[in-house]
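Notes follow once the structure below has been shown.
The values are calculated or read from the model by the stated rules, or taken from the named source; none is laboratory data. Here the structure is a predicted model, which means the values were calculated and not measured. Cβ: placed from backbone, ideal geometry, glycine included. Neighbour counts: every protein chain shown. Heads up: the accessible areas ignore ligands, DNA and RNA and are worked out on the full protein's heavy atoms, side chains in. Shrake-Rupley method; radii C 1.70, N 1.55, O 1.52, S 1.80 Å.
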Amino acid sequence: MPRTENVDKFFTAVNEAYDALLDAAKSANDRGYRVSRQLIDEVERGQREAIDLTRRIASSPRDVSGFYTAAVRSATDSQGRVLDLTRQLLDELSDSQREGREVVRRVIESNRSAGQAAIEATREAVGRAGTTVQTIRNRATNGRPKATARKTARESSDTAS
């Protein structure tokens, strides 16, 4: 039976890998929410501006210069919102890449620790099993006369072949 230290190391490492993946999923969810919220807010502003522009045209259809000024202002504001949204999206993508690299590093590190703990536990279990088999074999051969012990050893090697 492997020591509980190795078993604990193994499961702690596996837990750390899952925690890293869960943190990444939560972070991606938060990032998606921020971008979606910003997009919705910008669409609402654009809708309000379009309604205000339409209302201005409807209230004074002969004011061409006022309509032109309002249309240019609306287009400029719209372009500014698109640039802000694009900037936020690029910032979020950059953060996502950085976090992705960090998550991969954490998962690899955790998997390495889990692998080392599993190897240590396996070595220990195999070592103990080997010692136990050797002890049983020694007891079996020490308790019999030499001729019987040789015969038993020959029979076991013949059946193993």
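Efficiency by 1/(1 + (r/R0)^6): what FRET value for A71 and S36, r their Cβ-Cβ distance, R0 = 30 Å, to the nearest 0.05?
In this case the efficiency is close to 0.55.
How charged is the neighbourhood of N6? Take every other residue with its Cβ under 10 Å from the Cβ of N6, and add Lys/Arg as +1 and Asp/Glu as -1.
-1
Rounded to a whole number of µm²/s, how large is the Stokes-Einstein D of the stretch 27-110 at 10 °C and 1.306 mPa s, given Rh as the Kirkwood radius over C-alpha pairs?
102
Run the simple label-point estimate for A28 and Q97 please: 7 Å along Cα→C-beta, distance reported in nm.
1.7
Consider the candidate values (i) 80, 12, 10; (ii) 34, 21, 14; (iii) 26, 19, 16; state which one is semi-axes √(5λ) of the Cα gyration tensor in Å computed from the structure displayed.
(i)
Can you give me the % of accessible surface on the chain that is carbon or sulfur? Probe 1.4 Å, all protein chains present, nothing else counted.
Carbon-and-sulfur percentage of accessible area, whole number: 56.
Just want the answer: with Cβ charges of +1 for Lys and Arg and -1 for Asp and Glu, which residue in L39, I57, A20 is farthest toward the dipole's positive end in the stretch 1-61?
It is I57.
Per residue, how much accessible area does the chain have with a 1.4 Å probe, in Å²?
Each residue of the chain exposes 77 Å² on average to a 1.4 Å probe.
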